[in-house]
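Enquirer: One structure follows; several queries about it will come next.
The values are calculated or read from the model by the stated rules, or taken from the named source; none is laboratory data. Just so it is clear, the model here is predicted, and its values are computed rather than measured. Here the Cβ positions follow ideal geometry from the backbone for every residue, glycine too, while neighbour counts run over all protein chains shown.
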Amino acid sequence: MALQGPIPVHFHQLFPHGCYAVGDIEPVKDFDASTPDRFVQSRDKQTGEPVWQIPVMDGDPSLKAAQKTVAVKLIAPTQPAAPAPMPGLPFTPVEFDGVTVTPYVNASGRLAYSIKAREIRPPRAGKDTA
């Protein structure tokens, strides 16, 4: 099969109603390499770059509360910066570039997706960006 590894998707295919940062960008822990006394940051298997993550809320009003928040992993050599908060809004609208999804079966036996991106930025007008 020609389709192997992470599957590239457009941001607006994944979040057609947009998404909002609801936390900070933090390093992802490599649970195999870390010890109780030493934190080791996870690295991306394809690029070897450090992995960061940010929790985001999906703007889709039809989702149940438990389905709304997801972590997006960012692959970047240095810690990315989230866009500045917008005055008057409780959450910061964000978009991602270089998005991929990797399907997997989670601990409860259900299909889930790992979402990775190369860049986080403020939303652009229009939905024709990749």
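Enquirer: Report the residue count in the range 86-95 for those that are surrounded by fewer than 16 Cβ atoms within 10 Å (Cβ to Cβ) and either in contact with a Leu (Cβ under 7 Å, 6 or more places away or on another chain) or among the hydrophobic types (A, V, I, L, M, F, W, C) (or both).
Expert: Just the residues of the range 86-95 that are surrounded by fewer than 16 Cβ atoms within 10 Å (Cβ to Cβ), to begin with: 86-91.
Restricting the remaining residues to those that are either in contact with a Leu (Cβ under 7 Å, 6 or more places away or on another chain) or among the hydrophobic types (A, V, I, L, M, F, W, C) (or both) gives 86, 89, 91.
Within the range 86-95, residues that are surrounded by fewer than 16 Cβ atoms within 10 Å (Cβ to Cβ) and either in contact with a Leu (Cβ under 7 Å, 6 or more places away or on another chain) or among the hydrophobic types (A, V, I, L, M, F, W, C) (or both) number 3.
Enquirer: Given the condition within 11 Å of the chain's Cα centre (by Cα), at pLDDT 95 or above and closer than 24 Å to Ile7 by Cβ, answer yes or no: does some residue in the range 21-37 qualify?
Expert: Let us first name the residues in the range 21-37 that are within 11 Å of the chain's Cα centre (by Cα), namely 21, 25.
Applying the additional criterion that residues be at pLDDT 95 or above yields 21, 25.
Within this subset, residues satisfying the condition of being closer than 24 Å to Ile7 by Cβ are 21, 25.
Within the range 21-37, one or more residues are within 11 Å of the chain's Cα centre (by Cα), at pLDDT 95 or above and closer than 24 Å to Ile7 by Cβ.
Enquirer: May I ask you to list the residues in the range 12-60 that are among the aromatic types (Phe, Trp, Tyr), touching a Pro at 6+ places or on another chain (Cβ under 9 Å) and under 22 Å from Leu89 (Cα atoms)? Talk me through it step by step, then tell me what you get.
Expert: The first filter runs over the range 12-60 and keeps only residues among the aromatic types (Phe, Trp, Tyr), leaving 15, 20, 31, 39, 52.
Add one more test, that the residue is touching a Pro at 6+ places or on another chain (Cβ under 9 Å), and what stays is 20, 39, 52.
Passing the criteria: only Tyr20.
Enquirer: In addition: Please list, ordered by first then second residue, the pairs with beta carbon atoms under 6 Å, 6 or more apart or interchain, first in the range 26-37 and free of Cβ contacts under 8 Å to residues at least 40 places away in the same chain, second of a type in the set (Ser, Thr, Tyr).
Expert: Within 6 Å, the pairs are Asp30/Ser42.
Enquirer: Oh, and also: Within the range 1-26, count every residue that is assigned to a loop (DSSP other than H, G, I, E, B) and either touching a Phe, Trp or Tyr at 6+ places or on another chain (Cβ under 6 Å) or closer than 26 Å to Pro83 by Cβ (or both).
Expert: Of the range 1-26, the ones assigned to a loop (DSSP other than H, G, I, E, B) are 1-6, 9-10, 15-18, 22-25.
Add one more test, that the residue is either touching a Phe, Trp or Tyr at 6+ places or on another chain (Cβ under 6 Å) or closer than 26 Å to Pro83 by Cβ (or both), and what stays is 6, 9-10, 15-18, 22-25.
Adding up the residues that qualify gives 11.
Enquirer: Report, by residue number, each residue of the range 27-71 that is part of a loop (DSSP other than H, G, I, E, B) and touching a Cys at 6+ places or on another chain (Cβ under 7 Å). Explain how you work it out, then say what you get.
Expert: Of the residues in the range 27-71, the ones part of a loop (DSSP other than H, G, I, E, B) are 28, 30-34, 36-37, 39-40, 42, 44-49, 59-64, 68.
Scanning the range 27-71 gives a single hit, Gly59.
Enquirer: Let me ask something additional. Condition first: modelled with pLDDT under 95, under 14 Å from the mean Cα position of the chain (by Cα) and within 23 Å of Leu3 (Cβ to Cβ). Can you find one or more residues in the range 84-102 that meet it?
Expert: Yes - at least one qualifying residue is present in the range 84-102.
Rundown of residues vs (1) surrounded by 17 or more Cβ atoms within 10 Å (Cβ to Cβ); (2) touching a Ser or Thr at 6+ places or on another chain (Cβ under 9 Å); (3) over 24 Å from His12 (Cβ atoms), yes/no style:
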{"position": "Glu49", "(1), (2), (3)": "no, no, yes"}
{"position": "Asp60", "(1), (2), (3)": "no, no, no"}
{"position": "Ala65", "(1), (2), (3)": "no, no, no"}
{"position": "Ala81", "(1), (2), (3)": "no, no, no"}
{"position": "Ala84", "(1), (2), (3)": "no, yes, no"}
{"position": "Asp97", "(1), (2), (3)": "no, yes, no"}
{"position": "Pro103", "(1), (2), (3)": "no, yes, no"}
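Enquirer: Gln4: surrounded by 12 or more Cβ atoms within 10 Å (Cβ to Cβ), polar (S, T, N, Q) and either more than 28 Å from Pro123 (Cα to Cα) or in contact with a Lys or Arg (Cβ under 7 Å, 6 or more places away or on another chain) (or both), yes or no? Give the derivation first.
Expert: Working: surrounded by 12 or more Cβ atoms within 10 Å (Cβ to Cβ): no; polar (S, T, N, Q): yes; either more than 28 Å from Pro123 (Cα to Cα) or in contact with a Lys or Arg (Cβ under 7 Å, 6 or more places away or on another chain) (or both): yes.
For Gln4, the condition - surrounded by 12 or more Cβ atoms within 10 Å (Cβ to Cβ), polar (S, T, N, Q) and either more than 28 Å from Pro123 (Cα to Cα) or in contact with a Lys or Arg (Cβ under 7 Å, 6 or more places away or on another chain) (or both) - is not met.
Enquirer: Does Thr35 qualify as being farther than 18 Å from Lys116 by Cα and surrounded by 15 or more Cβ atoms within 10 Å (Cβ to Cβ)?
Expert: Details: farther than 18 Å from Lys116 by Cα: yes; surrounded by 15 or more Cβ atoms within 10 Å (Cβ to Cβ): no.
No; evaluated as a whole, the condition is false for this residue.
Enquirer: If I filter the range 7-18 for residues that are touching a Leu at 6+ places or on another chain (Cβ under 7 Å) and surrounded by 15 or more Cβ atoms within 10 Å (Cβ to Cβ), do I get at least one hit? Write out each step before concluding.
Expert: Quick first cut of the range 7-18, residues touching a Leu at 6+ places or on another chain (Cβ under 7 Å) only: none.
No, that holds for no residue.
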